[in-house]
1. Considering only region 178-231, give the strands (runs of 3 or more DSSP E) lying wholly within it that have at least 3 residues that are β-branched (V, I, T) and at pLDDT 95 or above.
2. Which of (1) within 30 Å of T335 (Cβ to Cβ); (2) surrounded by fewer than 21 Cβ atoms within 10 Å (Cβ to Cβ); (3) over 17 Å from the mean Cα position of the chain (by Cα) is the odd one out, the single condition D118 does not satisfy?
3. Please pick out the residue among H339, H308 that is buried (at least 20 other Cβ atoms within 10 Å of the Cβ) and touching a residue at least 40 places away in the same chain (Cβ under 8 Å).
4. Test of understanding: among F384, F472, which residue is assigned to a strand (DSSP E or B), among the hydrophobic types (A, V, I, L, M, F, W, C) and touching a residue at least 60 places away in the same chain (Cβ under 8 Å)?
5. So in region 35-47, with the set limited to residues that are surrounded by fewer than 24 Cβ atoms within 10 Å (Cβ to Cβ) and touching a residue at least 12 places away in the same chain (Cβ under 8 Å), which one is nearest to S260 (Cα to Cα)?
6. Return the residue satisfying two criteria in turn: it lies in region 391-447 and is of a type in the set (S, T, Y) and under 30 Å from I280 (Cβ atoms), and of such residues it is farthest from the chain's Cα centre (by Cα).
7. Taking the conditions exactly as written (closer than 24 Å to N91 by Cβ, crowded, with 18+ Cβ neighbours inside 10 Å and out of contact with any strand residue (DSSP E or B) (no Cβ under 9 Å at 6 or more places or on another chain)), does G194 satisfy them or not?
8. Just to be sure before I move on: is E164 surrounded by fewer than 17 Cβ atoms within 10 Å (Cβ to Cβ) and acidic (D, E) in the structure I sent?
Amino acid sequence: MLDQYDYIIIGAGSAGSVIANKLSADPARSVLLIESGPDDKDFLVAMPRGVGKINNIGSKFNWTYSALTGGNRPAERWFKGKGLGGSSSVNGMVYMRGSPRDYDRWEQAGCTGWGWKDVVATYKQLEDHELGASEFRGKGGPLKITVHPKGDPLCEAIIAAAGEMGVQRAEDINDPKMTVEGSIGYQPSTIWQGQRFSAAKAFLDPARDRPNLTIVVETTVLRIEFEGKRAVGVRLRDKDGERSVRAAREVVLSAGAIESPKLLQLSGIGPAELLRGHGIEVVRDAPEVGRNLREHRHFDVKFRVKSHSQNQNLQGWRMVRSVLQYVLAKKGPMTYGVHEIGGFVKTDPALPHADMQFNLISVTTTNFAKTGVVALEKEPGVTFLGYYTRPKSQGEIRIQSANPDDAPYINANHLETEGDRQKAVAVVRWMRQLASQPALRNWIVGETEPGPSVTSDEEVLNHAMELGGTCFHICGTARMGADEAAVVDTRLKVKGVEGLRVADTSVMPTIVSGNTNGPAMMVGLRAASFILEDAQA
């Protein structure tokens, strides 16, 4: 490792991997990519169904946090990806982009250049989609996207049941029209040839041998270092101890929506009163750093089914058979993502826009949110998962000391608003209505969780926090905006300082309608473009 690079990127996750690839494409630019976790070359990371093991308690591939959910409810375990690829190396491989209206509302709120017409062009550059190119879909890009194999009879029955509720079937549930009108179909995933296709696979593997790109793992950034108002490098710690490394041009913070605001605050950018209380010199008083936390809360309804659950294929002697299928031929249940089918739907047909995301998980487990361990049930079962796509409740992240090793305080503040509570009930009721359709009459034996005794709105809300958990779509904690209070501007530069950008889901002013891995890569590609354009200027 040298003492100086042109660019230092903190975090090799979904956004950071993209940025490292693009900035190092010119051999004249020197780039240092710093990752706190390990390399991603691991059997369980590559195997899609390995997700059930790599996210259990104690995994070296996770940051683990204790997060309050709001009110007087107990804390729950949150985790985010730690290692090359970040969360794209440990997630469910779901590839969603959200609705055009999400991005158009960003632009209307002052984020010029972030409307749908702008971001869809970026998505198309990223994508190498199995379904081919279209007006809204890319082909030939670095990120492989495939659709879950069609034809499973239970999946077909669920799609048919949705049709009986007036929900259309879609070939591509990311079709912008479908995200508005609502649809259901087989799930697009970042899986290729039976293996996980993470951001590290798509963007770092092709660039690893570039002499101008240095990738270091198991290295912790303790703080960003400043001279006056300019970011000039980082203080880091690895197995050899602490040292400082300088950035001749820029520091790019892509550590994720929890670690990025934490590191900003540790480095002197955040609420001044908070920083001074922990003995940190204030570089910029930025009260919004760590606030505006947005997150989806999923609600699960579980059913016993007669057959075609994956519960049996993922345990016992059938599990051995499934792993052998994967090892020998990269086929079978171990090559599947977490969700087989999904889509955006309207909890009320009269709505002008879909307001819920639905997914099928063809297994049933014990309560993962409580235990942190994936344990499959013995009997065949499936889980209907749903969440309201545009929650208004906002949470907060803040440091609890000046020690970089101390976890931050996190409060998601789920279901704070009455509107979010009403939508939670509507989501659960929609999934129950789906299960009651004639197309599923010969498949579903009965509801096991929350169970038929939970019927009223009040009872559903009383059980809401036990029915699911965080969707790991955390964002908004270093929000972008044109207003003075925003943390970064529309080119992702941190306001009030020089030489520092943030590029990950923390910059999203509001949450997108769907999973955030694809949007994080989109933010990374746009950030790289901004950096290169500004360097030329």
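The values are calculated or read from the model by the stated rules, or taken from the named source; none is laboratory data. Please read all numbers here as calculations on a predicted model, not as lab measurements. Here the Cβ positions follow ideal geometry from the backbone for every residue, glycine too, while neighbour counts run over all protein chains shown.
1. Working: elements: 183-186, 213-216, 220-227.
Fully inside region 178-231 and qualifying: 213-216, 220-227.
2. Checking D118 against (1) within 30 Å of T335 (Cβ to Cβ); (2) surrounded by fewer than 21 Cβ atoms within 10 Å (Cβ to Cβ); (3) over 17 Å from the mean Cα position of the chain (by Cα), the one that fails is (1).
3. None of the other options fit; the residue is H339.
4. Only one candidate qualifies: F384.
5. First pass over region 35-47, keeping only residues surrounded by fewer than 24 Cβ atoms within 10 Å (Cβ to Cβ): 36, 38-39, 41-44, 46-47.
Those left that are additionally touching a residue at least 12 places away in the same chain (Cβ under 8 Å): 36, 38-39, 42, 46-47.
Numbers: S36: 13, P38: 19, D39: 20, D42: 26, A46: 26, M47: 29 Å.
Residue satisfying both the conditions and the ranking: S36.
6. Residue satisfying both the conditions and the ranking: S401.
7. Numbers: closer than 24 Å to N91 by Cβ: yes; crowded, with 18+ Cβ neighbours inside 10 Å: yes; out of contact with any strand residue (DSSP E or B) (no Cβ under 9 Å at 6 or more places or on another chain): yes.
So G194 passes the test.
8. yes
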